[in-house]
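Have a look at the structure below before the remarks.
Bear in mind these aren't lab numbers, they're just calculated from the coordinates by the rules spelled out. Note that the structure is a prediction, hence the values are computed from the model and not measured. All Cβ positions, even for glycine, are placed from backbone atoms using ideal geometry, and neighbour counts span all protein chains on display.
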Amino acid sequence: MLRFGQHLIKPSVVFLKTELSFALVNRRPVVPGRILLSSVSMTGACALGKSRRSLVCFRGQDGPEAGQTVKHVHVHVLPRRAGDFSRNDDVYEELQRHDKEDSPDKWRTEEEMAAEAAILKKYFQEN
Ligand code: AMW
């Protein structure tokens with residue numbers, strides 16, 4: 001198990017691990033392919049985001065006033081695609097609402113998360 005702030009993360013949802021960082025799939029992605037990096041591996045994440053979607057957005061929230069809910073340094077990687085939100089910047093409002101209105105019934109199952117993590121793990125092994 002890995003610690004992610006107040007959460008214990010099962011190895012099945014982690015798709016990349018280095019000496020100082022790990023990357024996991026989000027239990028509640030705002031856009032398909034949204035992932036979390038426990039510390040920054042920007043080059044790999046950028047390549048991954050671009051390979052799967054047309055653009056990629058990085059988001060970090062430092063402190064509760066900035067919307068941070070997990071007390072562990074992390075960055076969100078959100079693959080973006082033209083037209084995924086009717087107004088492009090609506091993604092930021094959706095992110096704010098999303099994390100405020102979190103509850104267990106909205107989370108993906110461990111199986112769903114593990115399936116996505118397996119695809120991403122394979123991608124990193126091959127690239
Ligand atoms: W923050 O609001 O701290 O910038 O982001 C925390 C993110 O971590 C949220 O998007 C939330 O969905 C995600 N998250 C929280 N706990 C877990 C978990 N156990 N597994 C996967 N994602 C998680």
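With a point put 7 Å past each Cα toward its Cβ, work out how far E126 is from H72 in nm, to one decimal. Calculated label separation equals 2.8 nm. Take the Cα of R28, step 7 Å toward its Cβ, do the same at M1, and the gap between the two points is 2.1 nm. Each residue of region 74-83 was assigned a 3J(HN,Hα) from its phi angle through the Karplus curve 6.51 cos²θ - 1.76 cosθ + 1.60 (θ = phi - 60°); the sequence is 7, 10, 8, 10, 10, x, 10, 9, 3, x Hz, with glycine and proline shown as x.
Partners of K121 within straight-line reach, counting aspartates and glutamates whose Cα lies under 19 Å from its Cα and excluding those fewer than 8 residues away in the same chain: E19, E110, E111, E112. Within the straight-line cut-off of under 19 Å between alpha carbons, the lysines reachable from K100 are K71, sequence neighbours fewer than 8 places apart in one chain being disregarded.
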